[in-house]
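Data first, discussion second: the structure below is written as C-alpha cells.
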Amino acid sequence: SLIGRSTRTIPVCDLVEGRPCKAFLKEYWRLVGVWGEVEVYVHLARYDIPHITPLLCRGDVPHGETRTHECTKHSSPVMHLCLHRLVLDFVGCRLTEFECTTSAKKEICCST
C-alpha cells in the first residue's frame, strides 16, 4: 500500500531441538529512528505484563532499507524505512475459523 507499512503475516514452522515448532512471522516496514513494534513487546515483557506473546527472534533485515528519500527534494514527505521482522511464539486462529463474531469476542475476552 502507498500509505501503509505493507505488513505481511505468515504462520511458520521452525525446528527446535529436532522437533517442529509453530510460530508467527510478522514483517513490516518501519520508520528509521522510531520505536518499532518489537521494542513495545520487549518493554512490556520487562514489566511482566500478562498475556504478551513471547518473542522468539526479531530484528531489522540486513540491507533492507528504502533509498527513495535520498532521491527526493528535502521538502518531500518521503520517509526513510527499514524492513523489520519479528517471530512470535504463538499462532492464533484465523478469523474465518470462528462460527460467528460472538464466539470470536468470547475468545478475546477470555484471553485477558
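The values are calculated or read from the model by the stated rules, or taken from the named source; none is laboratory data. As the structure is a prediction and not an experimental result, all values here were calculated from the model. All Cβ positions, even for glycine, are placed from backbone atoms using ideal geometry, and neighbour counts span all protein chains on display. To get the accessible areas, we keep the full protein, side chains included, count just its heavy atoms, and leave off ligands, DNA and RNA. Shrake-Rupley method; radii C 1.70, N 1.55, O 1.52, S 1.80 Å.
Here are a few things to note about the model shown:
- Answer residue from the stretch 14-41, given it is open to solvent by 90 Å² or more (accessible area, probe 1.4 Å) and without any contact (Cβ under 8 Å) to a residue 40 or more places away in the chain and is nearest to the chain's Cα centre (by Cα) among those: Trp35
- Hits in the stretch 51-64 (condition: open to solvent by 50 Å² or more (accessible area, probe 1.4 Å) and free of Cβ contacts under 8 Å to residues at least 24 places away in the same chain): Ile52, Pro62, His63
- Subset of the stretch 2-46 (residues that are at positive phi and at pLDDT below 80): Ser6, Glu17, Gly18
- In this structure, Gly92 does satisfy being open to solvent by 40 Å² or more (accessible area, probe 1.4 Å), in contact (Cβ under 8 Å) with a residue 12 or more places away in the chain and either under 30 Å from Leu15 (Cα atoms) or assigned to a strand (DSSP E or B) (or both).
- The stretch 4-26, residues that are closer than 19 Å to Arg67 by Cβ and in a strand (DSSP E or B): none
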